[in-house]
Structure formats: C-alpha cells, structure tokens
1. Looking for whichever is aliphatic (A, V, I, L, M), under 26 Å from the mean Cα position of the chain (by Cα) and either crowded, with 17+ Cβ neighbours inside 10 Å or under 24 Å from B:ALA152 (Cβ atoms) (or both) here; the options are B:VAL30, B:VAL11, B:VAL60. Which one fits?
2. Looking at (1) surrounded by fewer than 19 Cβ atoms within 10 Å (Cβ to Cβ); (2) away from chain A (no Cβ under 13 Å), which is the one condition that is false for B:PHE49?
3. Could you check, for the stretch B:334-348, whether at least one of its residues is free of Cβ contacts under 8 Å to residues at least 40 places away in the same chain and assigned by TED's automatic domain parsing to the domain that holds B:VAL314?
4. Just one of A:PHE64, A:PHE75 is within 9 Å of the chain's Cα centre (by Cα), under 27 Å from B:GLU67 (Cβ atoms) and more than 14 Å from every other protein chain (Cβ to nearest Cβ); which is it?
5. For the stretch A:44-65, how many residues are touching a residue at least 12 places away in the same chain (Cβ under 8 Å) and open to solvent by 50 Å² or more (accessible area, probe 1.4 Å)?
6. For the stretch B:372-396, how many residues meet the condition of being in contact (Cβ under 8 Å) with a residue 24 or more places away in the chain and exposed (fewer than 14 other Cβ atoms within 10 Å of the Cβ)?
7. How many of the residues in the stretch B:397-435 are open to solvent by 40 Å² or more (accessible area, probe 1.4 Å) and either in a strand (DSSP E or B) or of a type outside the set (S, T, N, Q) (or both)?
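The values are calculated or read from the model by the stated rules, or taken from the named source; none is laboratory data. In this text, all values refer to a predicted model and were calculated from it rather than measured experimentally. Every residue, glycine among them, receives a Cβ derived from its backbone with ideal geometry; neighbour counts consider all protein chains shown. With ligands, DNA and RNA removed, areas are computed over all heavy atoms of the protein, side chains included. Shrake-Rupley method; radii C 1.70, N 1.55, O 1.52, S 1.80 Å.
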Amino acid sequence: MPTARDESRKRAATRLKHDLGKYVRFSAPETRETEAGALRERLGRDLRETRKTAEATLDAPAVFAVWLEEDGALFTSAELDAITRPLARVEELLPRLEALELAGLVALDDAAAEVATACFAFHRLVSADVAA
Amino acid sequence: MKARRPARILVLDDQPKTADLLARLLPDVVLLDVDGRRHATSWREAEAFFAAKARVPDVVVLDLRFEIPDEDLLPDKRPLGDSADAKRERRDRRDRQGLFLLERMRRLAPDLPVLLTTAHEDIPFEDEARRLNADAFTYTADEGAATGEGLARLVRRVLREREAPLTTGRFFWGRSAAMRDLRRRVAALAPTALPLLVSGPTGTGKNFLVKEVLHPLSGRKGPFVGFDCATVPESLLQAALFGSVRGAYTGAVSDRAGVFEAAGGGTLFIDEIENLSLDAQKSLLTALNDGVVRRLGASQEVPHTARVVTAANVDLREKVAQGSFRADLLMRLNPAIALRMPSLSERTEDLPELSSDIAGRFFRDAAHRARIASHVRAAGGAELLAEDELRLVTGDEEPQALKDARGLFVLPRKGWLAMTRHAWPGNIRQFEMVLVDLLSAAVYAGDGAQLDKEGRAVFALEPRLLFDLLAGADAGKARAEERLSLPKPTASTVEDLRREIEVSLYRQAFHAAEGDFSRMSEILLGTAKEERAVRLRFNKLGLSAREER
C-alpha cells in the first residue's frame, strides 16, 4: 500500500513535470531552428519566462528553486541528479543568451531538452514506486 | 456563399504561455479576450463565456494546475488560512483545479470540446477526465513530443472534427462528446485487422456503424456480410457460420459455405454474439486464433480471410461470470478497445441534428414528397419542385435559416421539449419511429397545409399524437419503475437501515431492468450515464449479478 509520503512524492514529481518539464521546451518546434536569432528568441521565451506568478516572472532555474523549497525535502539529491546536472548548464549559459553563438545556443537547447527528459523520467520513476 | 466565422478558442490557464503559443501557431483562430488578456485564469473570468449561447467558444483549452488565490479556487472559493492542513488543501485544489473547472463547464456546456492539457498519466485521473468528457491530452512519456506543437495539432484536429459530416451513409454521428470520442476510435481501429467488439444498448446503430463506417474504412476489398445470431436456431448456428458438407445433418443435401467463407477478404459482422452456443463459441475462437474454419461434417480445415466484428446488447463480462460465455473468446474480441455506442440519453445535444437528418430522409422519399406536393397545391401554393427545401421546425432554428424553405413541418415547442426530455430506452431506432409516425400523420392523416405570409406551406405536427407515442414508448419503463417499493425494515441501527433500503432498491431495479445496468441507472437515477457508478455500487453492496438472476 502506498504511504502518505509516497503519494506526496508522486504529487511533487507531477508538479515538477508540469511546471518545469512541460514549460521548459513548450515552444520548441519539431525540428530545431537553424537560424540563431529564432533559436535565441525561443530559448528566451521558454527558459527566461518559464512561469509567471502574481509576483514575478520565473526563469527555469528559479522554477526549480521554488519547487525545491516546497517539495525538495521529499527526495535525495541523488534522485534529482539527472535534473540538476543539465539545469546547472542552463544556469551557466542562460545569463549569456544574447552573446551566445549558434553552437552555444544549441548547447543550451540540448541542456533544456535534457532537463525536460529528466523531469519526465523522474515522474515516471516516482509513480512506478507508488504503483509498486 | 456565407463566409464561415473563424473558430473561437477559450484558453483557461493561469499561465499565458499556452495562449501565446496558440496565437503564434494558429493565426487563423480567435483567442477570446479576457480583460485584455488572451486567457482566463479562473472560473470567475470564464463563466460569462458559457452564460449566453452566442458567446460559447468552439473549443476550450484547459490546464490542470492553477496557482491562483484561494478566493478563485474551486470548488468553493473559500479562504483557506495558513495551517498545515490548509496548505495541503490549497495544494490539492491547485493541482486538480482543471477538473473542478471542467465539472463547472460541463453543467453549462455538456458537449463542448475541451482539451485538458496535463502532465498526469494516472489511471484515476484519466477516468475522471473521461467521466467529464474531456478530449484529454496527456503530455506523452516521449519527451520529444512534449512541446506545445502537439497541443496546436490537437486543437486543429478538434476544429476539423467540427467540419466532419454528420452522417456516413445511414449512420448518424452527431457532434456530442461521446460520438467525437467514438469517431476517433473508429478512425484508429477501422484499418487494422483486429477483431472488434461493438457494445451498446439496442437501437443505437451498431449495425450501421459496422456496415457503413467500419467496413468501408477498413480498405478491404471483400464483401460485408452481416449475421445475426438471434435469428438462427441454435442447432443451425454452426452450419450457418462455418458451412457444412453434404450429409452433415438431416437436410444437408449439398456442400454449403458459411458466412465466414462468404465474407472472405471482407468484413463479417456477427450481431448479438451473446446468443452463440458454447460449441459455436469454441469454433469461433479457433477461427479467430488460427485463421481457419471447418465446415460441419468436414475433416479438413480451410483458411479464412474475413475480418470479424461482433456486437452484443448485453455485458459479456457478466455472461462470462454466469458461465454462458467463454472468457477466452471475450479476451480475443479485445474488450479493452471495444467501441461503445452511447445511448441516446447520453447525447441529447445531438437531437436537433438527428431530427433534421431523419426528417430530411422522410422528405426525400418520393411517395411522401408526392403527397406533400398535393397538399401544397391544394393550399394554393406553387408547384413543389424536386430541389425545394422542406424543413422540420422545432423552435430552435434561426428565422433566417428557414427563409429559403418551401414547406415547414412545425412541432409545437412543448412537443419538442417533451422529446428532448424523454429517456428513449429504444434509442435512435425508437426516436426515428416516433418522429416518422408524427410526420406521416401530418402528411397522410392531417389537415393538410396552410400558406403563411411568405407563401410557405405550413404543416402542423400534432402534439397530442406525440404525447400518445411517447406514453407508449414509456409504458415499459413506467411498469418497471412502479415495481420499486420500500421494504419493511428489519434493521436496528440507522446505518443498517440505510444499507437495507439501498440493497432492496438496487435488487428491485436489477430485476426490473432485467440485469441491464444502463436501464438500472435510468430507473434509479433517471439517466443511463451513471451506469458505471451504479454497477460499482451494486458490487460494493455485496450484490452479485449471477446470484440475482
């Protein structure tokens, strides 16, 4: 039988998938933009304005930070490693978005895609634990 | 030609991203404006769009999770405070807000297409979304597909579905949520070779669905062959299905092919499969598993190439529980992907267009038309031409829509309301019979036509006759309901008394409905929609369909 803690973990994983995993690549086309300007614009939209609250507009690392503050205690850092690693790359590249060349933009997009993938996988893993 | 207005979409989401994305990807649609924004963030902002028919959007795109203040949070917009319990409650409400919103929406717009965008992949959530008739959109586990483009494609698909024809041959689709879902499932399953099961109450159009939709969409070159198990004596079922050789039984004077062989390369539709004997079920299972049939009396099996579609009027799982239907055969019929035909009471939004469709066929019939033309002449009207339009008028039509009609068959408003509120246990077949009887009475036994000031011939449909027809249709239901009565209590506690009454009512309704849970739901709750809940409650009360029969 799943415990209350299991259910809380699952709900927390769902929230992360929704707030970060879904929105971090929300505007991405099926095939990546080949023109740096278009790619930069989209990355700005998805990574700098990932969520809006009544008080502020949050970028992707900030969305994760809010989630971590509210739900992070339910998980070990090892469980979150697959998300935090690419997110660190996003955090490093995002402030330099305007200056990035195409290769840098692609690296940022790849990191964002990895964050999305990791959020989905994390949700699946936590849900599977509850089901088991 | 009148230009079609652009589709209107209401985005209901606490975040602006979905609306921004749809605005970029779907420039030809209108995103409804909410105080200068392209999205509504709460029921308070959205409710007005459902209050007036003229403002209702064509599609709603709804998010599941809303981070909004307590004062806007459904179900009761109550300030929750700062205690640990309140924080938990707030989170739960925010996480599920989309479902609360959908529930409110459904009260005002039961069949409006709603795309629920969510990160959930849970079965209880899917069940809830299905109960609320969401055109659910789950962000797939395939991360690459988890972008807004998928959502935009889905919106386009739903908008295209608005344009889809209302009928395919004699099969009436309509536009209700249940039929939208069926249309999608049919489109996905028709081209496959999978054996299929079509379920649903009598009179819902299962036969037309298979013959006029599934078979043509299958792309199979062979014929459609229908076989109704209820019309063949049990002793001849095997021979009729699989064929027979000379001398296999008394009267078998020559070799004969069965319907399996007749449907080679095409579709074999086996209706009322619940009537198959256990022996015939075994042979059918072999035919499905191994792709071969053996004629009665023959020693050799021969391959068959028919795609098999079956239909049942009853719940085959119950037949399995009773031991009168093979569990392995049911599994082979893929019950998990069964095409469920909704009852007419589950799709009342379709009634106006269904009426027009039935009336249209009646008016196109040459004999009816000649008689109508004679009435028009007798009333002093101009000669009725083949292309002249005749319309059924129920009171819902815009006057402009009737402008070009040459003849109007007018049903008084109270008559139409009675039709829309009727339970229609015989479903479309019964609805059609009543409407055709009503039209026939006006054409063959009525007072003829009167010309109105626009020169249109007006035929009055007789409400008294309608009420008599509806009373006749209701007779069986009334008899069943009359049988429900409260038992003399034997319980000694309030809790036991409540349970005793409930058990008694469920048991009586079960017998009155002859074990049909959809009818039970109608008897107990006035709607067939709660069939599943009634079935669950029936089981939870410790009642057993097998023991009650």
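1. From the options B:VAL30, B:VAL11, B:VAL60, the qualifying one is B:VAL60.
2. (1)
3. yes
4. A:PHE64
5. 3
6. 4
7. Residues flagged as open to solvent by 40 Å² or more (accessible area, probe 1.4 Å) and either in a strand (DSSP E or B) or of a type outside the set (S, T, N, Q) (or both) within the stretch B:397-435 amount to 16.
Each row is one residue, and each column tells you yes or no for (1) free of Cβ contacts under 8 Å to residues at least 24 places away in the same chain; (2) open to solvent by less than 20 Å² (accessible area, probe 1.4 Å).
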{"residue": "B:LEU21", "(1), (2)": "no, yes"}
{"residue": "B:ARG37", "(1), (2)": "yes, no"}
{"residue": "B:THR41", "(1), (2)": "no, no"}
{"residue": "B:LEU64", "(1), (2)": "no, yes"}
{"residue": "B:LEU73", "(1), (2)": "no, yes"}
{"residue": "B:ARG90", "(1), (2)": "yes, no"}
{"residue": "B:PHE100", "(1), (2)": "no, no"}
{"residue": "B:PRO110", "(1), (2)": "no, no"}
